[in-house]
Amino acid sequence: MIEVGRLCIKTAGRDSRRKCVIVEILDDNFVTIDGDVRRKKCNIKHLEPLKDTIKIKKGADHKNIISEFKKLGIEIKEKKSKESKERPKKEKQKKEKPEKKIQKEKKKKDSEEKGLAEKLEKDKAKK
C-alpha cells in the first residue's frame, strides 16, 4: 500500500489534514513526503493512504509534484518566501569619562600650559 507516488493525508503534526504524496521510501517506518505540506521525513503511522496514485519518479522535485496535483484538480497553496532585508548595524557607544578624571586631566593640561608659559617668559627675560 505504501509506494512512491501514493497520495496520502497527513494525520499528525503541524501539517495535519493536508494532502501529500510519498516521494521516497526510507525504511519500513519512514518515508519522505511532499505536496501541500513541507517536504520532510514522516512516520508511516502519521499518514492515511488514499486510493489514488501519481506517476512520479523517486525523489521528484516540488515543481513536478505541484504540476501532477494540478492535473488531478487538487489545489496547493503556494508559499511565498520573504525577501531578506539588511539589518542596520549597531554603532558602538562611546563611554563617557567620569567627572573626576576629566577634572584631573584639565588640571594636568592647565599646569603643563602654565609651565610652558613660564618657560617662555624666562627665555624672553634672558634675551
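The values are calculated or read from the model by the stated rules, or taken from the named source; none is laboratory data. As the structure is a prediction and not an experimental result, all values here were calculated from the model. All Cβ positions, glycine included, derive from the backbone under ideal geometry; neighbour counts span all protein chains shown.
Out of all the residues in the stretch 107-126, is one or more of a type in the set (D, E, K, R) and in a strand (DSSP E or B)? Lay out the reasoning, then the answer.
If we filter the stretch 107-126 for residues that are of a type in the set (D, E, K, R), which is where we start, we get 107-110, 112-114, 118-119, 121-124, 126.
Subset that is in a strand (DSSP E or B): none.
Within the stretch 107-126, none of the residues are of a type in the set (D, E, K, R) and in a strand (DSSP E or B).
What strands (runs of 3 or more DSSP E) lie completely within the stretch 28-79 and have 1 or more residues being in contact with a Cys (Cβ under 9 Å, 6 or more places away or on another chain), outside the structural domain of LYS10 (by TED's automatic domain parsing) and under 14 Å from ARG18 (Cβ atoms)?
Result: empty, no element qualifies.
Only one of (1) over 24 Å from LYS80 (Cα atoms); (2) surrounded by 12 or more Cβ atoms within 10 Å (Cβ to Cβ); (3) touching a residue at least 40 places away in the same chain (Cβ under 8 Å) fails for ILE9. Which number is that?
(1)
Determine which single condition LYS104 fails, assuming it passes every other condition in (1) modelled with pLDDT under 80; (2) assigned to a loop (DSSP other than H, G, I, E, B).
(2)
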